[in-house]
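The values are calculated or read from the model by the stated rules, or taken from the named source; none is laboratory data. Since the structure is predicted, the reported quantities are computational estimates derived from the model, not experimental observations. Glycine also receives a Cβ, built like all others from the backbone with ideal geometry; neighbour counts cover every protein chain displayed. Ligands, DNA and RNA are stripped out before the accessible areas are found, and what is left, the full protein with its side chains, is counted by its heavy atoms. Shrake-Rupley method; radii C 1.70, N 1.55, O 1.52, S 1.80 Å.
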Amino acid sequence: MGEAEYRRTETALWGSVRLSPSETRVGLARLGTSVRVQEVGEGEPVLFVHGSPAAGATWAVMLAELGGLRRIVVDNPGAGLSEPITLTPDTADDYYSYYVTDLMDALGLERAHVVASSLGGALALRAAGRDPARFASMVLMGGPWMAPGRAVPAAERLMLLPGAGAVLGRLPMPRSMMVASLRGIGHGASIDAGRIPEPWWAWNDALVRHTDTFGNDSRLVRAFRGSGLSYAPRWQITLDELARIEVPTLAVWGADDTDVDASTGRAMADALPHGRIEVLPGSGHLPWIDYPDQVANLVRGHVTST
């Protein structure tokens, strides 16, 4: 029942924007798992890597505005309908630094544009620093996980508690909690204006209720834990690290992003050798759910100019 209901709401979300993606699974040998991949369109390949907790369909509404491109979305390990992984502090770098390029390998992509959000942004930045030739360009959607100076939010400190994964995987989360969560990361203006469509909300409800995304993500991030309820310093992205990433990069930031504020976004864009930033008023940590048309235009302009 769980997977069937999740698929029903996901199909309805894609259908609401007149898209019908193909679906496949690809194996990631380094991580010993497989992930679910959905794809629409033809053209230059653009790989979309979501944050936490989420799944690939979070991009659906924006993707409808990106015709003429090969749009590839993934459910990260343990998210949506992908298999979970078990990381330890010794194996965490296999995921952090290699996941994005290993995913390209599994998809047969020598090079691709990468659009990444939050956790996905950190994974993309580490991979781009290690192997920039694989990136035709990069778009950072909102503040990356492990951004310079980023404080660990209360929700993530909860995820870092021992045994939190098992609890979060069983915890009922009514829509009111998700609304409050999105307000907390800067999306209050869009919620009040009704800009986030009902099919997206229904899909998000099903992600919480009918998959173990929340519990799996909590188990995963604990591999990066340092002392107390914080992350080990070695995972932090630094401005010096950004200065070595020779990839054309656009940062799309919500002015109301409380997870990583716009001043940090500007500092990151300035540090990147080929970086620039667009800050959107009235937008939060996930800017494409606030303004899918406007953000799609920014992505298209960046991808087609590099």
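Details
- For the range 91-135, trypsin sites (Lys or Arg not before Pro) are listed when DSSP marks them as loop and at most 15 other Cβ atoms sit within 10 Å of their Cβ; the list is R111.
- Accessible surface calculations at 1.4 Å, restricted to protein heavy atoms, place the range 86-143 at 28 Å² per residue.
- Rg/Rh for the range 1-65 stands at 0.97; both radii use Cα atoms, and Rh follows the Kirkwood definition.
- Applying a length cut-off of 30 Å (Cα extent along the axis) and a mean Kyte-Doolittle floor of 1.6 to the DSSP H helices of the chain leaves no helix.
- GluC sites (Glu not before Pro), loop per DSSP, at most 15 other Cβ atoms within 10 Å - longest free stretch of the chain: 111-245
- Surface calculation, 1.4 Å probe, protein heavy atoms: I277 sits at approximately 40 Å² accessible.
- Cα principal axis extents for the range 68-146, largest first, Å: 38, 27, 25
- Cα-derived Rg to Rh of the chain, Kirkwood definition: 0.92
- Surface share of carbon and sulfur [accessible, 1.4 angstrom probe, percent] for the chain: 52 percent
- Helix-only mean residue ellipticity at 222 nm for the chain, each DSSP H run of n ≥ 4 adding -39500 (n - 2.57), per residue, nearest 500: -12000 deg cm²/dmol
- Charge context of L160, other residues only, Cβ under 13 angstrom, K/R +1, D/E -1: +2
- Centre-to-centre, using Cα atoms only, the range 76-143 and the range 238-297 are separated by 18 Å.
- By accessible area with a 1.4 Å probe, ligands and nucleic acids excluded, highest first: order of S16, S82, S227: S227, S16, S82
- Projecting the Cα atoms of G265, A251, S176 onto the charge dipole of the range 158-306 (Cβ charges, centred on the Cα centre) puts S176 farthest toward the positive pole.
- For the chain: relative contact order, % (alpha-carbon pairs under 8 angstrom, 6 or more apart): 21 percent
- Of the residues T211, T91, ranked by 1.4 Å probe accessible area with the largest first, the sequence reads T91, T211.
- Legend: residues D240, D290, D90, sorted from most to least accessible area (1.4 Å probe; ligands, DNA and RNA excluded), read D90, D240, D290.
- Rolling a 1.4 Å probe across all protein chains gives W145 an accessible area of roughly 10 Å².
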